[in-house]
Each structure stands twice: as C-alpha cells, then as structure tokens.
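J.: One structure follows; several queries about it will come next.
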Amino acid sequence: MIQFSAQDKLACESCAWLDIEELIQDAAEALQEGELVHDDHFSLYEAMSAVEIGDPKLDAGMCTGPSGVQEVRPASSLSSSDALAVADRLFAAEATWHQGNNLPQTVFTCLYILQPRSAEGHIALEALCKATHATCIAVRDLVLAGNVCEDEDFALHTFGMHMEMGLKDADVSALAALTLAEEALEALLQRGRGKGSSGAAAGQAILQEHMGAFLARVRFRKALLKGLQRVQKSTKQDQDFARKQFAAALQELERMRDSAHPRPQDAVGFCPDVNRRLMAPIPPRNITFLTSQQTWDHYAKLLEHLLLVGDIVKVGSYGELKAYLFAFSGRSCGGIPRSALHLAVNGKTARPGDPMGAWLPRKAMLCAALRMPSSALPSADSALFIDQACLAVAGWCQDMCLNRARQRRRHRRTVEDWAHLYDHAANADMSPEFQLWMAESGWQWQMKEGDSQGPCGCWVEKECASMLLQHLQLGFELDVYAPEEYCMLFWYCDFLHGVIEVNSRDLLKAMPSSSAKSPHTPNSKAAKKKPVTGKKNSPDGTSIEHALHTEVQQAGVERLVCQAQMRMAAALLAGGQLRPFPAPFNSEAQRFEQRFGFVQRLQRPEPLAFDQYARSVDISTCTADSILQSAFEGFREARRVVTMLLQLRLAGPADKARPDQRSEHLQALLRICSQNTVAVKVLHDAAKVDAAEAACGLCAILATLRDAVQPI
Amino acid sequence: MDKAAESDAMEVGDFERDGTTKNVTIEYRQYGGEQDMHHVMQLVDNELSEPYSIFTYRYFLHNWPKLCWLTFDGAHCFGVVVCKADDHRGAQRGYIAMLVVEDDYRGLGVGTTLVKRAIEEMIAADADEVVLEAEVTNSGALALYRNLGFLRDKRLIRYYMNGADAFRLKLLLPLPPRRQLEHNAVAQMAALNTA
C-alpha cells in the first residue's frame, strides 16, 4: 500500500554514495575540547527533532524486531470466530486512532487493510476493511477541513500511507461492498433460521450468532459512513439525514456490544511494527489499543456527540447559538464532532443554492440581536460594524469548537479582535444616520455622562465580558489556579458579571418594544416599502427581550455567588488556612498582571488594575470571623435568589428551544451555594475551637469553593 | 569554552542515606565546560522520561552555560538544572528546560536552590519572565515551583510522549527600575496621544 513515485525511485537508483567517515574523522580531530560546529539556523526545534541513529529511545526507524509486511492468513481460511476477532480488533484500532494516536501504529497495523487482497473471500470482513479505510479517509478529511484540531487532539499525518484516493472513490466502493455484505448476511441468516431443527444445531447456532454479529457491524459501518458524509453540511436536510444515520448506528452498537468477540487482542493479521520504517524521525511512542469495553464506550460517546451536532438545527437566534455552543463545548467532545460542528456552523459546505441553516452567525442573526434592519442598515458604519461582528462571532464559534485547554488560550488571544470590534461599534454608534435611525425606531438610548457608548458598543462590551468570563472559568475546570488566587479571580468575575448585568439592562431599557411601530430606514427606498422589525425581529422576535431579561437575572445571581466566594477566599487567607503566596522573586501585583494583564488591550470592559483590587479587598481592619460571617450571609442570599428564580421558571412557560439548560444551570448554582454555606459554617465552627482544626478538610472546602459552572 | 564558573559549598547536617546517617557537603557549581557535559547527560537520561539527543544538550549548554548549575556530593554529581533565556514576542524569557535531583538527595531543598540560582542569573540578564513545563501529576515539581511564585499559565494536553498533560508554569518578574521608568514614559505618551 506504500507507494513511491517514479521520480523517487529514479532518484534513489541514480544516487552516488560516498564514504565520508574519513572526512568527518579529520574534522573531529581538528576540533579542540569544548569547540563546536554550530550553524545559527540549528535552533532548539532542530535539536529536539534530531535523532541519534541507533538509539532506541530516539530512533523510531530502528529495527528492534520483525518488521516489513508480514504474510497473513487469507480471510477465506479464517473461522467465523477468528474473522470476528479481526473485525473487533479493527474497531479498537480505529478508536485508538481517534484518541490522538497515529494511523500507521493503529488502523494500518492490520494486514487485511494493508493487503486488501488477503481480505477477499470473506464478504463481511472485506467490506468492513474497505469501509474502515473509507471511514478513515472521511474522518481525516473532516478533521482537516474542520480546522479545530491540534496535534494533541488528532494525528492526521499518514506517514506516506495510502489515504489520497479521495473519499468519493473510497466510500462508493465501501458502501457498495457493505450493501453487498448486508444482503448476503441477511440471506444467510434467513436460510439459517430454516435449518434450526437440523442435527448440527449447536454449530449452526454459533454460526448464526457470528453472522448476526457481522450484520450489526456492517450496518453500523454503513450508517456511520453515510452520517459522516452529511454531518458537516450547513443545511437542515443534511443535518437531519446525518442525525438519522447516527441514531441507527447507535442502535447497531448495542448489538455489537452484545456480540463482541471475547479476546479481540488475539486476532490474527495485526503487526504492531509493520510500519515502523515509515515513521518520522521522532522518538517512538508506545501505543496501547483500547480494550473491547473502552472501544464500544468510545463509539457510543462519539455517536452521542455527533447527535448533539445535529441539534444545531434547533438554533434560530444569536442567544440560542451561544447557549448551544456553551452546552456543546461543556461536553468536552472529541475532535471528530468538534470538527463536524465547526463545518456546520461556518456555512462553507452547503451546496450552491441550498437554503442555509438559520443557525449560521450571519448578518440576519446579528442584526436581529441588535434589532437592526438587516435588509437596509442605517449607515455605512453600522454595516461595517455588522460585517466585523459576523467575523468576530464566527471566530468565537471556531474557538468554542477547540478543546477546552486551547479554547481558554484562544479566548485570551482574541481580546485584540474584540478591541477592534469595539472601535467599529463606536463608529457605528456615533454616525448621524444611526442616531437618526434610533430616534425614528423608538430607541430610548440615554448617553451616560462622559461616555459616548451607544447600543452597538454596549453589546460588544457585554459579549466581550462573556468571553472573558469564560476564559477565567475554564481555568478552574483545567485546574490552572492555586487557591491563593481565588480571591482575585472571583473579584474579577464579579466585575465581569456586573458588566453583563448592567449592559443587558441598558439594552433592554433602550430597545424599542417589540410592539412598537415599524421604523423606517433613512435613505432607503426598500425600507420605506416594508417594515423592518415588523415580524418582531424575526427570527428573534420578542425573544430578544426575554433573552436580555434572563441575562440580567442570571448575571445578577452569578454576582451574588461570586461575591460570596470572594469573601470566603479572603476569609481563608485572613484566617491563615491559606498561606500567602510565597514571593521570593515577585509580588501579588505581578501575579495579578499575569492573570489579567491581557485585558489591558481592551477599551471596554474597562481593564481593572491591581491597585483597584488591593483597595477593594483590603481586609486589614476585618477579622477572619467577620469575613466568614459575611460570606455565609452572601451564600444564603444567593441561595434565596436562585431558589426564587427556579420557582419562577417552574411556574412560567417552558423554553421551547432548550427547556432544561437554564434550570440545570440554576440547579448547579443552588448546589454551589448550599455546599459553600455548609463549608463556611464548618470553617466558622472549627475556627472557634482550634485554628488547626479549621485547616482540616481544607481540600474539600477548596474544592467546594472553586466549583464553578460555565456561563449559559 | 571553559569559563570561570561560579561555585560555592554549603554544609548540610545529618542526612540519612541507605539506612545510615551521614554528613554531606553539598556544593553548587555553575556549568564549567565540556568536562561537566557527561554529568548533565547521565543525570537527565537516568531520571527524566523524555529522551534528549546530544544536540539538545549542546544547544542549551553551548549557548547558555551560565544558566546551568550542578550540585555535587564530593565527586558525585546528583543534581542539575539546564536553562536558556532569549526573546519571546518582545519579552526576555527565561526557560527552565531540565531539572533533576537524584531520588536519594530529595527533600533537602537542592532543587529549589538550583532553580533559584538559575533565576538569579536570568534576572541579572534582565529577564521579564521565566517559564517551564511540568507534568500535571508531578506534585513535587509543582509544589517546588509554586513555592518560588510560579503560576500555572496554561494546560497543555497530551504534551508528553507518554500522553500525559503538562502545565506551563510562569513567573512574571517585576520590571527593573530602569525598565519601569521606560515603561511609565511609554504609558504616558500613549495616554497623551489618546487625549
């Protein structure tokens, strides 16, 4: 399967080999001890990539055992049990590849894939081998196009393995083979049922069982391959089709689990070192295949996450898109569903002329979020702002499809983009046409003293605060923060929730009500003919008001929780349960700078300085006991408000798009408040008895304290 | 490339090793040249899981000999730190590449002292920050660097060859007075331009 081009072969044959050992020896003797021949271009990267030939720790190509393509038993001579073992081992190999290992050491260790002719004669195994190969090509193409996977997520390098045939040829051939195998297996099973009463009943039953097992695997492969072809498209029709296929594959998976071969690791036809000579000159990685149980669990999770991708069709507004992406990203999905989702939300994969999904973050969606007429924007500046906002939101969508660690880092890096977007928003807000349009449309925007911010700037500031909050909260999830930092982190989170609360309220107050008379856009004939927000800002309509109202409530209650958490962290520092951060080389000011320095590039939200933090959490005049008391009251108040909001949600109309997400989020907040209330009480009571006792159970208390839920 | 390397000695009290108590003299010595190379390679190859080629050792030791410190018990070398310092996106960044203390000598604060020596050299060379990577499960190393003021800056998924995650640890250093003045002047100019 490894192919060398004609030029490569010619180049090798026409090489003249010279012995340079003597030359090197002379050069080495001319050097004094400590002297070094060093080219400036030989940097750390080259040094780390270089290998010492013959060192087994470094030389991946070093021959340490049998290698090269081995002889394999023809599939036609395998018993049904042995063939099933090969099929299940192949699933394990593929699942191991999905988890970040490379193809030559996983799927391509299967000799039936490397030598397709050896699989001939066993219709099911041959079809499964072809389909596995086609699925690998489909997945690789999907992940490459998705552009959200890094080296740590997915190994895309094929090391010269044959992957370039193109999905179309591969999957046509694979799907044909699968259909053929499916029909043959169905017929055999049908015939076998008729022979149920024959003499060799036991042997027949086992054979029937194996044929049933193969049938499930063939159907699974077929559904998975078909689903992967369509899931990356940006139309509802494609997404619905893909969803149906993944649901079918999930059903077959249960049958596969029930009929799994007991020892797939003993399957014939696998050679771990077969591709060793093809590996890059990097230290070799040892790869352990997933167990049978882990393999089926992997596919179950993969399919569940691919089904989640299909839920994108329920999204119809910017608020819903945000909530959907927060929920999806919180599931820590693997590279395949994340790539599929990114392709589905960037809209580049739809066929020309197909109706684009309402979930795409395009002009119509963002205009609706700001109650602007997308068909005739009020001014050139506002049109430019909307274009830039589309780009920023598309970038944010891509970030949300990265793995959680990369996502956190990307959020930090994109502050510059948000700073530029704020400039565009300010230009739009200040343009006379936009001001006129606002007046005519019923906006009641009140400029604050010394602040020229308008609704566009207000919206950008709110969205940027939400992104910053997500960056900070991901740090808790990734275990990046030390407990001594919690106080400043909760302090900053409180501020950002405050920005969201205030700005959402300002937009809510100023926005024309959904029943207001349709505004007209100046200088636009089209706008004079048809109402701009007449359909209640379709697709958002009145839901914008509802969404903003919910954001105000949500941010308000998050602030209460953050404030209480900050007090509790301060009390732990004041009470000595947390030692002050050691500082032989720097101080708290540098640590503050390290965590929040990147926001200095922003105009809004206003970057906060260390001095502001130091002043606002100055506890020099307070006792640990009084701060704990204050934290206790804070959690109690937050719990009261969360309970009230939960009751209101239960009593109110259900959220059609996502009935459970907000309630689940509130439930999580309630749990955080309740657990912390108990933790504060324990700490308070223990401190009365003995300071040492107060330190007991600190780990549990800190775990409770850092418990944070992702924004919604 | 032999240079006048710094060296000093420190008496350490009773030290239990192989079930017997003995008095050990710990000597810290800056990398002195080619004769120290095998100490560094032997220690790192024995104690760290990541394989390094001779080129990697030479890259660090040839370019930044002052940022490599070794520690000896008599003639026995049992600890080493290997670092570099260069420009990173406009900041002078120190990087701790390898830190090894043999198991028998752990718990004496030798690792902390080695790192401190290296950081002091970096500060003398106007470093703005110091970074390194440590495995997320290496609680000993994480505690050591935390006690020196390092924060976990990033989590790096599947960073090591064994598939383990790493934390990028970072120590932001205060600006030296001269650079602080420059920094303030730039900030004032920017404020004036904005106004």
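J.: With a 10 Å cut-off between alpha carbons and a GNM built on chain B, which of B:GLU50, B:GLU182, B:GLU120 moves the most?
T.: Comparing B:GLU50, B:GLU182, B:GLU120 in a Gaussian network model of chain B, the most mobile one is B:GLU182.
J.: OK, next. Once you have a ≥ b ≥ c as the square roots of the Cα gyration tensor eigenvalues for the stretch A:231-288, tell me rounded if a/c is under 1.5, and otherwise prolate or oblate according to whether a/b is larger than b/c.
T.: oblate
J.: Can you sort A:TYR112, B:TYR59 so the residue with the fewest Cβ neighbours within 10 Å comes first?
T.: With the fewest neighbours first, A:TYR112, B:TYR59 line up as B:TYR59, A:TYR112.
J.: Right, next: Projected area of the stretch A:236-328, taken from the Cα convex hull and averaged over every viewing direction, in nm²?
T.: 9.8 nm²
J.: Further question: Please report, to one decimal in angstroms, the Kirkwood hydrodynamic radius of the stretch A:363-706 built from all distinct Cα-Cα pairs.
T.: Taking every pair of different Cα atoms in the stretch A:363-706, averaging 1/r and inverting gives 22.0 Å.
J.: Using the Karplus curve 6.51 cos²θ - 1.76 cosθ + 1.60 with θ = phi - 60°, work out ³J(HN,Hα) for each residue of the stretch A:138-154 in order, rounded to whole Hz, and write x for Gly and Pro.
T.: 4, 5, 4, 4, 4, 5, 4, 5, x, 6, 10, 9, 10, 3, 6, 8, 8
J.: With a sphere of radius 13 Å drawn around the Cβ of A:ASP387, what net charge do the other residues whose Cβ falls strictly inside it have (Lys, Arg +1; Asp, Glu -1)?
T.: Once positives and negatives cancel, what remains is +1.
J.: Once you keep just the Cα pairs under 8 angstrom separated by 6 or more residues, what percentage relative contact order results for chain A?
T.: It comes to 12 percent, rounded to a whole number.
J.: Which order do A:VAL218, A:VAL345 fall in if you start with the one that has the fewest other Cβ atoms within 10 Å?
T.: Going from sparsest to densest Cβ surroundings: A:VAL345, A:VAL218.
J.: A further question on this structure: As a check on your grasp of the helix formula, calculate [θ] at 222 nm for the protein assembly as shown: sum -39500 (n - 2.57) over DSSP H runs of n ≥ 4, divide by the residue count, round to the nearest 500.
T.: Using -39500 (n - 2.57) per qualifying helix, the result is -18000 deg cm²/dmol.
J.: List, largest first, the extents of the alpha carbons of the stretch A:376-478 along their principal axes, each in whole Å.
T.: Projected onto its principal axes, the Cα set of the stretch A:376-478 covers 48, 29, 21 Å.
J.: Scan around B:ALA97 for amide H atoms under 5 Å from its own, H built in the peptide plane at 1.01 Å from N, and keep only partners 5 or more places away or cross-chain.
T.: B:VAL82, B:CYS83, B:LYS84
J.: Can you pull the percent of Cα pairs in chain B with separation above 24 Å?
T.: Taking all Cα-Cα pairs of chain B, the fraction more than 24 Å apart is 46 percent.
J.: Quick one: among B:VAL136, B:VAL44, B:VAL100, which has the greatest mean-square fluctuation in a GNM of chain B with alpha-carbon springs under 10 angstrom?
T.: Of B:VAL136, B:VAL44, B:VAL100, the Gaussian network model singles out B:VAL136 as fluctuating most.
J.: Angle, helix A:380-400 long axis vs. longest principal axis of chain A, Cα atoms, 0 to 90°, nearest 10?
T.: Approximately 50 degrees, to the nearest ten.
J.: Tally Lys/Arg at +1 and Asp/Glu at -1 over every other residue whose Cβ is under 13 Å from the Cβ of A:ARG559; what's the total?
T.: Residues near A:ARG559 contribute -3 overall.
J.: Relative contact order of chain B, please, whole-number percent, based on alpha carbon pairs below 8 angstrom and at least 6 residues apart.
T.: Over chain B, the number comes to 14 percent.
J.: With a sphere of radius 13 Å drawn around the Cβ of B:PRO174, what net charge do the other residues whose Cβ falls strictly inside it have (Lys, Arg +1; Asp, Glu -1)?
T.: Around B:PRO174, the charge tally is -2.
J.: Work out the FRET efficiency for A:LEU144 and A:ASP618 from their Cβ-Cβ distance, taking R0 = 56 Å, and round it to the nearest 0.05.
T.: Efficiency, rounded to the nearest 0.05: 0.55.
J.: Among B:ALA185, B:ALA125, B:ALA143, determine the one that fluctuates most according to a GNM of chain B built with springs between C-alpha atoms less than 10 Å apart.
T.: B:ALA185
J.: Another question, then. Post the alpha-carbon centroid distance, the stretch A:573-617 to the stretch A:411-426, in whole angstrom.
T.: 23 Å
J.: Would you mind classifying the protein assembly as shown by shape? Square roots of the alpha carbon gyration tensor eigenvalues, ordered a ≥ b ≥ c; an a/c under 1.5 is rounded, otherwise it is prolate if a/b is larger than b/c and oblate if not.
T.: Oblate.
J.: Calculate the length of the line joining the C-alpha centroid of the stretch A:256-273 to that of the stretch B:25-43, in whole Å.
T.: 50 Å
Every number in this text was worked out from the coordinates using simple rules, so none of it is lab data. Small disclaimer: the values here were computed from a predicted structure and weren't measured. Reconstructed Cβ throughout: ideal geometry from the backbone, glycine too, with neighbour counts over all protein chains shown.
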